[in-house]
Amino acid sequence: MDFELSEKAIDFRSQVKKFIENNLTSEIISNMHKTGTFNDKSFNEALASEGLLAGAVPGYGDRDPVELYLLFNELEKAGAPYDGLAVTMLVAGIINAVGTEFHHEEILKKLLTGKHNCCLGYSEPDYGSDVASITTKAEKVGDKWIINGQKMWTTMAHESDWVLLLTRTNSEVPKHKGMTMFMVPMATPGIEIQPVPTMASERTNATFYDNVEVEDQWRLGEVDDGWSVMGIALALERGVMGGTNPAVPLLKHVLNWAETTPSKNESLMINNTLMRERIARTAIINQVGQLLTLRAAWIAATGGMPGVEGSMAKIYASEEYQKVVGWFQQMAGAEGLLSFGAEDAAASGWIDYDARHAPVTTIYGGTSEINRNNIAERHLGLPRSR
Ligand SMILES: Cc1cc2nc3c(=O)[nH]c(=O)nc-3n(C[C@H](O)[C@H](O)[C@H](O)COP(=O)(O)OP(=O)(O)OC[C@H]3O[C@@H](n4cnc5c(N)ncnc54)[C@H](O)[C@@H]3O)c2cc1C
C-alpha cells in the first residue's frame, strides 16, 4: 500500500488540525471527564459549520474513508470528545451506503449539521460477542413494526435522536438471516433509558423497548438482512473510526509530567533511564498503531472491506495502550492511583484515568478474543470457533 496521503487528504488533515487548535478548549475536555458523556454538541456543530463533517462521510461527494480516519485520528490524538460523533458519523456512512431518500432527507442531512446524534443498539444483556443471537423482536402488524426487548451498553442513548437498532424479525431461519435493522427515533413512546456508569468514567446505558411502534420507512436495509448492514458498520468501525491511537494523548501528559516532576533522587523523572526507555517504546507503539490504522483506512478507501486489518489495528492499539499505561502507573507509584483533582495525582490524574479506560477499550467494538478469532478464521484459515 501507499502510505502517502493524497493532496486532498493532506489539505483535509490540516483543516482539522487548525480547527482543533482554534476550538478545543480545556473546559471542553474537563467537562467530558466530569460528566462521563464524551460528546459536545457545540463542538460538533462548529466542526459541521466548517464542512468537516460532510467532508468525512465515506462515499459522500468525493470523500473516502481516509478522511473519516483523519478526522477521528486527529480528534483522538488531541483528547477531544469524539465518541458520540464517531457513532454518528458511522451511521451517516451506513445511511449513505444503504439508506433510502427518506433516510437521506430525514436523518443524514440533520446528522451533518452536528446538532444530532445516533447511538448503536446491538448488544443485549445476554448477547454481546454473539450478537447474531439477539432476541429484541420486531413484528410487522399491519403497516407498522412493533418492537419489544432490551439492549445493553447503548452508549450515548441519552444524547441521541436515533438508535441504529438490530432486531430479530425471523426465528425460523439460521440466526444470521433473520435480523432487520431500524433507525428508531429515540423520542418514540415506549423507549426507556437507564444510565450505567463504567470504571472508564464514560457513561453508557441500558435501554428498554416496550411496544415501540415505528413505520416501515424507518427500516434500514431489507427485511431479514440486518446482518449485511452490520457488516458495513463493523468495517467502518474497527480500525477506521478512532480508538487506535489512545496512547498518544497519554504520552503527551506523561512527557509533561516526567519533564517537571522530581524523582526520589531529586533528579527529574525524565532523566530516569527506565522512564526514557518506556517513553521511547510508547512513541514507537503509537507510530505502529497509526500505520496499522492507515492500512485499514486505505483498504476501505480503495473499495475493500478491512475486516481483518481493522481487527489487527484494534487489538494492537487497545492491548498496547493497556500495557504502556501499566508501565507508567508502575513508575508513578502510589500517585499513579490518584484521580483528576487530587493534589499529588501523577500527570494530573491522566495516568489513573488511562489505566481505568484502557481495559474497556479491549471490550467495546468487539473484544480482543473475538477479533483474534476473526484473524484466525479469516486470515489464517483456522477452523471456526463456533
Ligand atoms: C463501555 C462500553 C460501551 C459499549 N458501547 C456499546 C454500544 O454503544 N452499543 C452496543 O451495541 N454495544 C456496546 N458495548 C458492548 C460491547 O460491544 C460488548 O460488551 C462486547 O461485544 C462483549 O460482549 P459482552 O459484554 O456480552 O461479553 P461476552 O460476549 O459475554 O463475552 C465475555 C467474555 O467471553 C469472551 N468470548 C465470548 N465469545 C467468545 C468466543 N467465541 N471465543 C473466545 N472468547 C469469547 C469475550 O471475549 C469476553 O472476554 C459497549 C461495551 C462497553 C464495555
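No value in this document is a laboratory result; all are computed from the given coordinates. Just so we're clear, the structure is a prediction, and the values are computed from it rather than from any experiment. Cβ atoms come from the backbone with ideal geometry, glycine included; neighbour counts cover every protein chain shown.
Summary table below
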| read-out | value |
| --- | --- |
| Tilt relative to the chain, helix 247-260 - C-alpha long axis, 0 to 90 degrees, to 10 | 20 degrees |
| Size of charge dipole - the chain - debye, nearest 20, with Cβ of Lys, Arg +1 and Asp, Glu -1, no other charges | 760 debye |
| Relative packing of peptides 338-344, 13-19 - highest average C-beta neighbours within 10 Å first | 13-19, 338-344 |
| Peptide ranges 313-324, 351-362 listed from the most packed, as the mean C-beta count within 10 angstrom indicates | 313-324, 351-362 |
| In range of the label at residue 28: residues from the range 350-364 whose backbone nitrogen is under 13 Å from the point 7 Å along Cα→Cβ | none |
| Above-threshold pairs, the threshold being 23 Å between Cα atoms, out of 17/252; 8/77; 18/41; 137/314 | 137/314 |
| Stretch gain in nm, segment residue 281-residue 261, where the contour uses 0.36 nm per residue and the Cα spacing is subtracted | 5.2 nm |
| Residue-span extension gain [residue 356 to residue 228] - 0.36 nm each, minus C-alpha spacing | 42.7 nm |
| Alpha-carbon gyration tensor eigenvalues x 5, square-rooted, for the range 120-232, Å | 22, 17, 12 |
| CD proxy at 222 nm, helix term only [per DSSP H run n ≥ 4: -39500 (n - 2.57); per residue of the chain; nearest 500] | -14500 deg cm²/dmol |
| Loop-located trypsin sites (Lys or Arg not before Pro) in the range 56-159, at most 15 other Cβ atoms within 10 Å (DSSP) | 115 |
| Neighbour-count ranking [beta-carbon atoms within 10 angstrom, fewest first] of 210, 143 | 143, 210 |
| The chain, relative contact order [Cα under 8 Å, separation at least 6], % | 14 percent |
| Percent of Cα pairs exceeding the 31 Å cut-off, where the set is the chain | 37 percent |
| Ordering of 165-174, 52-61, 266-275 by packing [mean C-beta count within 10 Å, highest first] | 52-61, 165-174, 266-275 |
